[in-house]
């Protein structure tokens, strides 16, 4: 189990660094990337892929057999650590290095949300209420980012449960 945790930890470090590189590229190229839904899907797929890869690699290290618990543990350690590293970097980026960037991204998110709500025929009063609420919320502040991290870990844990059900392969019990 110790080797499993060590491997999952190493994959988590690689995931964290990969997510930092992606964030730096998005930040350097165009802040509008932070509001693109397709990029969220790419990151979801990447993070899930790292968790699955970690569980499969550990399964191979264990001779092709892995329990559900071992698979899930490997997945969660990798994803939780990698995503936490990326979250810490985002907190640093948007609250210390460039506080103006979070204002620009928040304005872009509000604009995107307003356009979407208007396309769905939402009443002007509801749109204005949503704008007010979004302006009051600091999604890129430390508390907002940690809250987002916790929510993401819940989602990734559900994905990890499903992936672990597929990956697990327990040794047959002989009499």
- Message: Nearest 10 degrees is fine. How inclined is helix 142-167 to the longest principal axis of the chain, computing both from alpha carbons?
- Response: 40 degrees
- At what distance in angstrom do the alpha carbon centres of segment 32-95 and segment 111-153 lie from each other? 25 Å
- Message: Along each principal axis of its Cα atoms, how long is segment 67-172 end to end? Whole angstroms, biggest number first, please.
- Response: 62, 37, 16
- Taking the convex hull of Cα positions in segment 34-113, its mean projected area over all directions (nm²): 6.4 nm²
- Working from Cα positions, state the angle (0 to 90°, nearest 10) between the long axis of helix 68-92 and the longest principal axis of the chain. 30 degrees
- Footprinting exposure proxy for 45, 172, 73 (fewest neighbouring C-beta atoms within 10 Å first): 172, 45, 73
- Query: If you rank 87, 99 by fewest surrounding Cβ atoms within 10 Å, what's the result?
  - Reply: 99, 87
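Could you line up 152, 74, 157 from fewest to most neighbouring Cβ atoms inside 10 Å? Intermediate values should be presented prior to the final figure.
On the way: 152 19, 74 33, 157 16.
Fewest to most other Cβ atoms nearby, the residues stand as 157, 152, 74.
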- Pairing the Cα long axis of helix 99-119 with the longest principal axis of the chain, what angle in degrees results, from 0 to 90 and rounded to the nearest 10? 80 degrees
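Each reported figure results from applying straightforward, stated rules to the coordinates on display, with no laboratory input. All values derive from a computational prediction rather than experimental measurement. Every residue, glycine as well, gets a Cβ built from its backbone with ideal geometry; the counts of neighbours run over all protein chains shown.
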